[in-house]
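S.K.: Mind having a look at this structure? Questions to follow.
Throughout, read-outs are computed from the coordinates displayed, never taken from laboratory work. Everything numeric here is computed off the predicted structure, so don't read it as measured data. With ideal geometry, Cβ positions are generated from the backbone for all residues, glycine too; neighbour counts draw on all protein chains shown.
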Amino acid sequence: MPHATTRDGVRLYYEEAGSGIPLVFVHEFAGDWRSWEPQMRFFSRYYRAITYSARGFKPSSIPADPAQYSQDHARDDVVAILDHLGIDRAHIAGLSMGGFATLHVGMAYPERARSLVIAGCGYGAAPADKETFRQECEAAARRFETAGVEAARQYAIGPTRVQYQNKDPRGWDEFATQLTEHDWQGQAHTMRGVQMKRPSLWELEERMRSIRVPALIVTGDEDDPCLEPALLMKRAIATSGLVVLPQAGHTINLEDPEPFNRALLDFFTRVDAGRWTGRDARSTSAGILGFRK
């Protein structure tokens, strides 16, 4: 089984398919390397598509030390995959937890990214929600530690997951089943170390304004915790575009793979052709019609 080794000795399982410009997919908390299968099958026709399991997610290492789980570790693990595969720069696409990691790569290591796809990013990001989110993360971590499969099933049927279940019960059942196969200590450590302690997007606004890498922000219009953060990122990142999928929840790459893939393919094509540009400063001026008294 192919693995990349991080600087702190964690082994990350990965898979790749196709050839050409590299494209790395970074999964969400409720997923693993398998979560990107619809994208691996599609994008490997045009790109060197790569997916991996984050630390704490089988078959990657499950570090026992809680200190080995953090937003910085998640960010640096993306770069560890690139380094192991000898990749200088890649398109990087992440969902939810993976979207946060992708954003942080764009801020810390912009030279390693051809582009950024930041999808479903924003849970607990609003300042007013910070303490409530931390309390929910701790409750979820304890639930995974004590109730395992039952906790996973509960997590899979959250208010932003029912859209997937309603549209595609068979696909949702596969997603939920894969979630029940996770390592519960890895889930708890990830929830406490990566999810609960990550900085709010509002705290990162100035850093986001420094991003010059082409970026695509994607969210579902029924993924309520991610709507306002998506607008924040759109306004802060001058090189970004925003895609909102209608009647869609959080698991958008699996729930609506066709429009999701089309949006990403159009974005990557424009980036690779040098046709994705920053926002025209004239479009940010005050007023509506452009006239003054």
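S.K.: Within 10 Å of each residue's Cβ, count the other Cβ atoms and sort T269, T6, T51 from fewest upward.
M.R.: T269, T6, T51
S.K.: Please give the FRET efficiency for R41 paired with S285, using the beta carbon to beta carbon distance and R0 = 35 Å, rounded to the nearest 0.05.
M.R.: Taking R0 as 35 Å, the efficiency between R41 and S285 is 0.20.
S.K.: Report for the chain the percent antiparallel among DSSP-assigned beta bridges with both residues inside it, nearest 5.
M.R.: Restricted to the chain, the bridges split so that about 25 percent are antiparallel.
S.K.: Debye calculation, C-alpha points only, no solvent: report log10 I(q)/I(0) for the chain at q = 0.08, 0.09, 0.10, 0.16 Å⁻¹, in the same order as the q values.
M.R.: -0.31, -0.40, -0.49, -1.35
S.K.: Turning to a different aspect of this structure: Based on the mean of other beta carbon atoms within 10 Å per residue, what is the order of 97-104, 12-19, 25-32, 217-224, most packed first?
M.R.: 97-104, 25-32, 217-224, 12-19
S.K.: Would you work out if segment 1-158 is rounded, prolate or oblate? Take a ≥ b ≥ c from the square roots of the eigenvalues of the alpha-carbon gyration tensor; rounded if a/c is under 1.5, else prolate when a/b is larger than b/c, oblate otherwise.
M.R.: Prolate shape, in that a/c is at least 1.5 and a/b is the bigger ratio.
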